[in-house]
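Everything below concerns the one structure shown next.
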Amino acid sequence: MSDVITIHDHNEIDFDRPGKALYEVAFHYDGTWGNALVPLAVINGTANHDRGGRVQGVACFGGTHGNEYEGQVAVWRLMHELDPAQISGRVILMPRLNQPACNSGTRESPRDGVNMNRAFPGDPFGTLTYRIAHFVTSRVFPLVEVVLDIHAGGRGVEFALCSSFHLVSDPAQYAEMKQVASLFDTPFVYIYSSGMARGLLTDEAEALGKVTIGGEFGHSSGVHQRGVRHAYQGIKNVLHHYNLLPGTIQRVAPERENPPRLVEAVDLEDYVPAPITGVFEPELPVGSAVEAGQFVGNLYDFERVGDAPLAIHAPSSGYIILQPFQAPIAKGDTMLVIGKEVKD
Ligand SMILES: [Zn+2]
């Protein structure tokens, strides 16, 4: 067991101390005495290998959504396994960023009802979730050039196993993010729309010019071994890539012959809302290739005995990146995302 330092005054975190330090960073509750104690590992490597001066630090987050566990598991393992004697540069790990939401197994914090991944850049005078987000923006982001945020689709939907990033306008940032995203060796690298939401952790990091990678590594509040493996080795591959950690980049799924397939869904038309509230019966697994107009599943409205199931068809050709997993789905919720292959 490692020593853990409890931090009330955030100025007392020594982000430059050589070696590894584990903290519980206290953020006071809004409505009662007490604190969310958010785990933080700061590793300042004591090895001194040549990193080419490119990247000084990498930050990695799990538990931005409390009911997504693959990132919590993978980042927690790395928090304990990474040896500062082997590392050159700085690695900052926050495996359970929205700690109250992680404890309750919910997407939003039960303390203030706020979704951490809509709270960025945060607010030092806001409610608990906004104050944690502000800590990340003001204390962590300035120390790193690479930001990794490990997600898992939340409760309702299943994503094809993917790393992801937004379409950014800077060609150098785009090229670097495309390469780093592929290090997770997921079947898909998914370029997603900025138009579906605002206030993401990745929005803020991207705007600051960081190499910013997200990803969906599981679903339905489970711990999927395959997803953990990609998240865990993917993060290590990123550390290898920038030579913060010596070693070679390893395939995670060597049985798959092709490299990660680059797909994009960057227009809001690519995000199909459920036309009615009902239960979706998928025809195909996520990741399947489909043609425009192809039947992909039935949607059942069990309140209307006279209605046959509503056949759902792919609006365009590509790959099924998202479809419902847990039933039922509400009218208006995103029901289907088709990713179109991006050719270099
Ligand atoms: Zn998430």
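We did not get these values from a lab; they are worked out from the coordinates using the rules stated. The structure presented is a predicted model; accordingly, all values stated were derived computationally and were not measured. When we count neighbours, we look across all protein chains shown, and the Cβ atoms used for this are built from the backbone with ideal geometry, even at glycine.
Brief remarks follow.
- Considering only alpha-carbon pairs that sit under 8 angstrom and 6 or more positions apart, the relative contact order computed for the stretch 273-339 is 42 percent.
- In the chain, taking the dipole from charged Cβ atoms about the Cα centre, the farthest positive-side position among Val55, Leu201, Asn103 is held by Val55.
- Electrostatic dipole magnitude of the stretch 4-264 [Cβ: Lys, Arg +1; Asp, Glu -1; Cα centre; debye, to 20]: 340 debye
- This ranking places Thr137, Thr277 by how few other beta-carbon atoms lie within 10 Å of each, fewest first, which gives Thr277, Thr137.
- Highest GNM mean-square fluctuation among Ser317, Ser169, Ser138, for the chain modelled with Cα contacts below 10 Å: Ser169.
- Under the combined filter of DSSP loop state and at most 10 neighbouring Cβ atoms within 10 Å, the stretch 251-323 retains these GluC sites (Glu not before Pro): Glu255, Glu257, Glu291, Glu303.
- Relative contact order, whole percent, for the chain stands at 15, derived from Cα pairs under 8 Å and 6 or more residues apart.
- Alpha-carbon centroid distance for the pair the stretch 59-86 / the stretch 122-142, whole angstrom: 19 Å
- Placing unit charges on each Cβ (+1 for Lys and Arg, -1 for Asp and Glu) gives the chain a dipole about its Cα centre, and among Ala308, Thr137, Ala330 the Cα reaching farthest toward its positive end belongs to Thr137.
- Net charge of Cβ neighbours under 15 Å - reference His28; Lys, Arg +1; Asp, Glu -1: -3
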